[in-house]
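The values are calculated or read from the model by the stated rules, or taken from the named source; none is laboratory data. What you see is a predicted model; the values in this text were computed from it and never measured. A quick note on method: Cβ atoms are made from the backbone with ideal geometry, for glycine too, and the neighbour counts reach across all protein chains shown. Remember, those area values only see protein heavy atoms, side chains included, never the ligands or the DNA or RNA. Shrake-Rupley method; radii C 1.70, N 1.55, O 1.52, S 1.80 Å.
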Amino acid sequence: MLFKDIDSKKDEITQLKNLLKQSNNPKQQNLIKADLTKIENGYKAEKDNAYYLDFVFKDNPNHVLLHDIRIEHEGKVAQIDHIIINRCGIEVLESKSFTGELTIKGDGSLNVAYGKETKTFPNPIEQNNRHAQILSDFIKANMELASNHKLFGIPISSTVLINPKTTLSNDTLPKGFERADSFSTNRNKSIDNMSTIEVFKTLGTIMKIDRVKEIASFLVQQHKPKSYDYAKKYPIKKESTVQPIQSVIQEIPSKLCSKCKSPNIEIRYGRNYYFKCLSCDGNTPIKLTCTNKDCKPKLRKSKLNFYHVCEVCDKNKLFFTNSE
């Protein structure tokens, strides 16, 4: 039974694609591209692996399948790709997919070769085990457990699913790794090969199917998807455009000599820019202001034009023009 599908990543992908079009900064563009590739590849891997799980478990009345569950507990977060719950316990599954050649090393870490370049990734089994532990602690802290589960706990296993399209250099997959397309077959073989002791332990923790559904429904209710504001992460600085004098001349406030009130003034520079009155020879200091208290506006001279410039509020506006 499918209780939850994968959360759509279309909004995040659209955000990043729009920011990539707007950005004129090469360094920022590379960072946006990296995030976009990571999300698109991860989303595709989850959907590909979900297909194989759905094929077996979606309509199976003895199993509940959840995709894309995010749990927060005591300051820790578990972002779990897939969860299968049945009467025997819970299986936490992590999806992995790579376009390069994957080598799973003896310590469980991953090497992925992209042509001449090789990237190393940490052991995903350890990451998934941490997620399984957070899930276990979360259930214990928030659900009333049956007496047998108080004693033994709900069994939670951890498996890393490798997308079958990934090229592998390993002849056989190490323990804890499974190909997504053969996961259910290997799982059934493991059940068939269980020892008498293992069967006895399983019987001690077996759940009713209604309890299975109850746990699944609770996890769906507690799912806390993370929202991403990529516009905040990648602010796009708008290009400053200087308007022609003719289009802004009406926006320039009237400027007069502070002593004789004559408009016959021009900007000069001493220690700072100031107005020089050509009628009474008086001086008037120039005080620039912005709406933001953190702004530090200044004048920028370009031939006879002086511009009010502020990097904080992205202002670049004609302030005054001296006579020739």
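If only residues of region 183-221 that are of a type in the set (S, T, N, Q) and open to solvent by less than 60 Å² (accessible area, probe 1.4 Å) are counted, the one that is modelled with the lowest pLDDT is SER195. Of all residues in region 109-131, those satisfying the criterion of being in a loop (DSSP other than H, G, I, E, B) and modelled with pLDDT under 90 are GLY115, LYS116. Residue-level check: of (1) part of a helix (DSSP H, G or I); (2) buried (at least 18 other Cβ atoms within 10 Å of the Cβ), VAL56 misses just (2). Scanning region 110-124 turns up no residue that is open to solvent by less than 30 Å² (accessible area, probe 1.4 Å) and in contact with a His (Cβ under 6 Å, 6 or more places away or on another chain). Screening GLY89 with (1) within 26 Å of LYS47 (Cα to Cα); (2) open to solvent by 20 Å² or more (accessible area, probe 1.4 Å) gives one miss only, at (2).
Of the residues making up region 286-316, those that are out of contact with any Leu (no Cβ under 9 Å at 6 or more places or on another chain), open to solvent by less than 60 Å² (accessible area, probe 1.4 Å) and either basic (Lys, Arg) or closer than 26 Å to LYS259 by Cβ (or both) number 0. Residue by residue through region 261-275, note down the ones that are assigned to a loop (DSSP other than H, G, I, E, B) and surrounded by fewer than 13 Cβ atoms within 10 Å (Cβ to Cβ). Matches in region 261-275: LYS261, PRO263, GLY270, ARG271, ASN272. Among the conditions (1) aliphatic (A, V, I, L, M); (2) modelled with pLDDT under 90; (3) over 23 Å from THR185 (Cα atoms); (4) open to solvent by 30 Å² or more (accessible area, probe 1.4 Å), VAL77 misses just one, which is (2).
Could you tell me which of the residues LYS38, LYS27, LYS58, LYS9 is among the basic types (Lys, Arg) and in contact (Cβ under 8 Å) with a residue 40 or more places away in the chain? Give the steps one after another, and end with the answer.
Working: LYS38 fails: in contact (Cβ under 8 Å) with a residue 40 or more places away in the chain; LYS27 fails: in contact (Cβ under 8 Å) with a residue 40 or more places away in the chain; LYS9 fails: in contact (Cβ under 8 Å) with a residue 40 or more places away in the chain.
It is LYS58.
Residue-level analysis places ASN24 outside the set of residues that are more than 12 Å from the chain's Cα centre (by Cα), modelled with pLDDT under 90 and farther than 30 Å from ILE236 by Cα.
Collect the residues in region 59-74 that are in a strand (DSSP E or B) and either open to solvent by 10 Å² or more (accessible area, probe 1.4 Å) or of a type in the set (Val, Ile, Thr) (or both), keeping them in residue-number order. Those that are in a strand (DSSP E or B) and either open to solvent by 10 Å² or more (accessible area, probe 1.4 Å) or of a type in the set (Val, Ile, Thr) (or both): HIS63, VAL64, ILE69, ARG70, ILE71, GLU72, HIS73. Considering region 305-324, the residues that are touching a Lys or Arg at 6+ places or on another chain (Cβ under 9 Å) and not in a strand (DSSP E or B) include one that is nearest to TYR274 (Cα to Cα), namely ASN322. Checked against the criterion of being over 23 Å from PRO164 (Cβ atoms), in contact (Cβ under 8 Å) with a residue 40 or more places away in the chain, outside any helix (DSSP H, G or I) and of a type in the set (A, V, I, L, M), the candidates ILE139, ILE85, ILE134, ILE80 yield just one match: ILE85.
Within region 213-228, the residues that satisfy the criterion of being under 16 Å from the mean Cα position of the chain (by Cα) and in contact (Cβ under 8 Å) with a residue 60 or more places away in the chain are LYS224, PRO225, LYS226, TYR228. Figure legend. Inter-residue proximity from region 97-117: first residues among the aromatic types (Phe, Trp, Tyr), second residues surrounded by 15 or more Cβ atoms within 10 Å (Cβ to Cβ) and in a strand (DSSP E or B), beta-carbon distance below 9 Å, spacing 6+ or different chains. Indicated pairs: PHE98/LEU110; PHE98/VAL112; PHE98/ILE162; TYR114/GLU101.
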